[in-house]
Amino acid sequence: MRTSKIFVTVDAVMFRKAGNGHELLFIQRKNEPFRGKWALPGGFVDEGEDLPDAARRELKEETGIEAGAMEQLGAFGKPGRDPRQHTVSVAYVGFAGEDAVAVAADDAAAAKWFSVKNLPELAFDHADIVTLALQKYVP
């Protein structure tokens, strides 16, 4: 019997209203791979941890934002999406209040809200995740 070497991660797609539009929260990666690039808050699921709990934990650890209910957006597992190893990420969507302030911590060098009309270049396959979230949640 073979043991799988596929890892499970989570990503948090956090929206907030800003004027007549919406913003998305990204962190600037402190470490490789993609050091210095913008990415969704997220990371590896701990053993024994439920997926939505992992998404909320990673969001809080990296940005200080506590999310309430989050809805599962989908799973993303294309080989090569993470240069370190084969990972499958389950993305969750949440909504923060207009006054939500993000503060970088843990392995985030910075945390910043971006207008959905002016998004940065993103690490991993996060542009694909964001595209799906925008199609589903932003009119």
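A short reminder: the numbers here are calculations on the coordinates, not readings from a lab. Quick caveat: nothing in here was measured; it's all calculated off a predicted structure. As a convention, Cβ positions derive from the backbone with ideal geometry for all residues, glycine included, and neighbour counts pool all protein chains shown.
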Tensor-based shape of segment 2-52 (alpha-carbon gyration tensor, a/c under 1.5 rounded, otherwise prolate or oblate): oblate
Angle between the chain longest axis and helix 126-137 axis [Cα atoms, degrees, rounded to 10]: 50
Phi-based couplings in Hz for segment 11-28 (Karplus 6.51, -1.76, 1.60; Gly and Pro marked x): 10, 10, 9, 10, 9, 8, 6, 9, x, 8, x, 10, 10, 10, 9, 10, 10, 8
Neighbour-limited loop hits for trypsin sites (Lys or Arg not before Pro), segment 45-98 (at most 15 other Cβ within 10 Å; DSSP other than H, G, I, E, B): 84
Among 19, 74, 42: highest mean-square fluctuation, GNM of the chain, C-alpha pairs under 10 Å: 19
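What value, in deg cm²/dmol to 500, does the helix sum -39500 (n - 2.57) over DSSP H runs of n ≥ 4 give at 222 nm once divided by the residues of the chain? Kindly include the intermediate steps, with their values, before the conclusion.
Details: 2 runs with 25 residues, N = 139.
Mean residue ellipticity, 222 nm, calculated: -5500 deg cm²/dmol.
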Cα long-axis angle, helix 51-63 against the chain (0 to 90 degrees, to the nearest 10): 60
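Within segment 66-139, which GluC sites (Glu not before Pro) sit in a loop by DSSP and count at most 13 neighbouring Cβ atoms inside 10 Å? Please list the in-between numbers first.
Values: sites: 66, 71, 98, 121; in loops: 66, 98, 121.
Answer in residue order: 66, 98, 121.
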Nearest-20 debye value, segment 7-137 charge dipole, Cβ charges on Lys, Arg, Asp, Glu: 540
Members of 5/37; 78/112; 37/136; 78/117; 17/60; 60/117 lying beyond 23 Å, as alpha-carbon distances in this model show: 5/37; 78/112; 37/136; 78/117; 60/117
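With a ≥ b ≥ c taken as the square roots of the eigenvalues of the C-alpha gyration tensor of segment 7-137, please select rounded if a/c is under 1.5 and otherwise prolate if a/b is larger than b/c or oblate if it is not?
In terms of gyration-tensor shape, rounded.
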